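We did not get these values from a lab; they are worked out from the coordinates using the rules stated. Nothing here was measured: the structure is a model prediction, and the numbers come from that model. In this analysis, Cβ positions are derived from the backbone assuming ideal geometry, glycine residues included, and neighbour counts consider all displayed protein chains.
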Amino acid sequence: MTEKLQGLLEKIRDEGLKKADDEKQQIISAAENSATDIIKKAKAEAVNIRKKAQEDAENLEQRARTAVSQASRDIILKLKSELQKRLENIIRDTSDAAMTPEFMGQLIKEMAIKFVSASEDGQTLEVLVAAKDRDQLVKLLSGSLAKSFKTEPQVFPDDEIGGGLKVGFKGKDLFFDFTDDAVTDLVCGYVSPRLAEILKKRK
C-alpha cells in the first residue's frame, strides 16, 4: 500500500514537473516570438523613420534651393528695375542737357537742308518745343540761322514736351520726334537688352 502511494506521489510529481516544464517552455517560446516580433517591428519602424527623415531632409533641401533660387530671381529683377530707372533718368537728364536751343536750331537747319530744300513746293517746317525753349529758338531761327531756310520754320510751344523737340511739315500729320522721352526710349531700347545680357552672365 505504501509503495503504491509512493509511486502515485512520484507520478504526480513527475507529471507536475513535466507540465511545469512544458508551460515554462511555452512561456519562453512565446517570449522569444514576442521579442522577435518586437525587434522586427522596431527594425521596420527604424527603417521607416530613417526613410522619412531622409525624405524630409531632401524636401527641406529642395525647398531651401527653391527659396534661394526665387530670392536670387527677385534680387535680379529688382536690380534690373532699379538700373533701368537710373538709366532712364541719366539718359533723360543727358538728353535735356544736350537739347539746348542752339543744338535744336542746328538740328532744324540740317532737316531744312535735307528735306525742305529738296522739295519742289518748299514745304514749311513746323516745330513743337517746350514752352521754356520757344522764345530763344525763335530768335535763333529768325537771326543767325535765317539764311538756312527758304521759308522760316514755325515754332509752337507744347506743354506735353519737357525737353527736346518735334519737327514736321506744315499740312502733314507727320513729325520727327526728338523729345527727351523719345530719345530715352530709343536709347533704352538698345541698352536694356544689353543690360539684361550682362545681368544674366552675372547669375
Inset, instruction - Just list whichever of K85/K132; K109/K150; K19/K40; K114/K139 have alpha carbons separated by over 19 Å in the model shown. - result: K85/K132; K19/K40; K114/K139
Inset, instruction - Report the label-to-label distance for D22 and F156 in nanometres (one decimal), using points 7 Å from each Cα along the Cα→Cβ vector. - result: 12.2
Inset, instruction - Neighbouring Cβ atoms within 10 Å as the yardstick, rank S142, S95, S81 fewest first. - result: S81, S142, S95
Inset, instruction - Please arrange L174, L83, L137, L77 by counting, for each residue, the other beta carbons lying within 10 Å of its beta carbon, fewest first. - result: L174, L77, L83, L137
Legend entry - For peptides 45-56, 162-173, sequence by mean Cβ density within 10 Å, most packed first: 162-173, 45-56
Inset, instruction - Quote to one decimal, in nm, the extra length available between D74 and E32 on full extension: 0.36 nm per residue of separation minus the C-alpha distance between them. - result: 9.0 nm
Inset, instruction - Starting from the amide H of V155, placed 1.01 Å from N in the peptide plane, find each other amide H under 5 Å away whose residue is 5 or more places distant or on another chain. - result: V127
